[in-house]
Amino acid sequence: MSTTCPIMGNTRRNVIISLIAVVLIISGIVVAIVTNMNTFSFTITTTTPTTTPTNTTAASTTTETIQMLTEKKTTTDPGPACYWIEIDKSISMNYDDAVDACLKKNGVIGSPKDENALNAFMDYVRPERGYRRRIWTSLQIDPETNVISPEGAYTKWTKWKPDLGSSFIIYTGVMLMVHVDKTTDENGMANWFVTSIAYGVVCQTHLNDNKRPTDVDYLDGPC
């Protein structure tokens, strides 16, 4: 009768258990590696930044500058400027209304080029009675810097104008102040906010513009 050595039996069993353990460990490592690789790949895929093409074309502005409004876009010499006044007897003309009133007659909003023009405009709108009349011009002012545009434009301010400083930051438009009394130093120019209302506007065109209006009273210039 044969017998199996207990020690040898235990050893064989231990070897088998060890092999199983090694296989399990190796399998776990393989699974972990594969999982980590998938996670790393997913991370790369989801975190890769999307490149947005840069638009190098400058955005066009929807607001025309005063210079653009007062320049005629023609291929020939427009000739000397001519001026007239558009009147709004309802006295309800804000700056946008003033621009439109000139454009409707193929003109643009303007401003007196010198003292003679200024006096001609004032004499035209000076009321027979009442206190004063306000007339829009194309001039603009920055109340914080006192910079006038267009640069080099003629100005003649009233006694207490312009109003400057941060408290008057919205006073960017410029009007003619026309008083009944020609001798008062309150005649001249003053800055106001562009939603203020006025009695009229200075308009301008050019001598060589074949579309210039013929039904207006030109107050200055060769037209």
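Overview of results
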read-out: Residue match in the stretch 136-144 (condition: assigned to a strand (DSSP E or B), β-branched (Val, Ile, Thr) and closer than 19 Å to VAL108 by Cα); value: yes
read-out: Per-region count, the stretch 146-200, residues under 18 Å from ALA117 (Cα atoms), aromatic (Phe, Trp, Tyr) and part of a strand (DSSP E or B); value: 1
read-out: Options ILE109, ILE135: the member that is under 30 Å from ASN210 (Cβ atoms), crowded, with 18+ Cβ neighbours inside 10 Å and touching a Ser or Thr at 6+ places or on another chain (Cβ under 6 Å); value: ILE109
read-out: Index of the failed condition, VAL216 passing every other in (1) within 23 Å of the chain's Cα centre (by Cα); (2) touching a residue at least 40 places away in the same chain (Cβ under 8 Å); (3) surrounded by 17 or more Cβ atoms within 10 Å (Cβ to Cβ); (4) not in a strand (DSSP E or B); value: (1)
read-out: First in the stretch 90-119 and within 21 Å of PHE193 (Cα to Cα) and modelled with pLDDT of 95 or more, second anywhere and aliphatic (A, V, I, L, M) and assigned to a loop (DSSP other than H, G, I, E, B), Cβ under 8 Å, 6 or more apart; value: MET93/ILE197; ASN94/VAL194; ASN94/ILE197; TYR95/VAL194; ASP96/VAL194; SER111/ALA153
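The values are calculated or read from the model by the stated rules, or taken from the named source; none is laboratory data. Please read all numbers here as calculations on a predicted model, not as lab measurements. Note: ideal-geometry Cβ built from the backbone for every residue, glycine included; neighbour counts use all protein chains shown.
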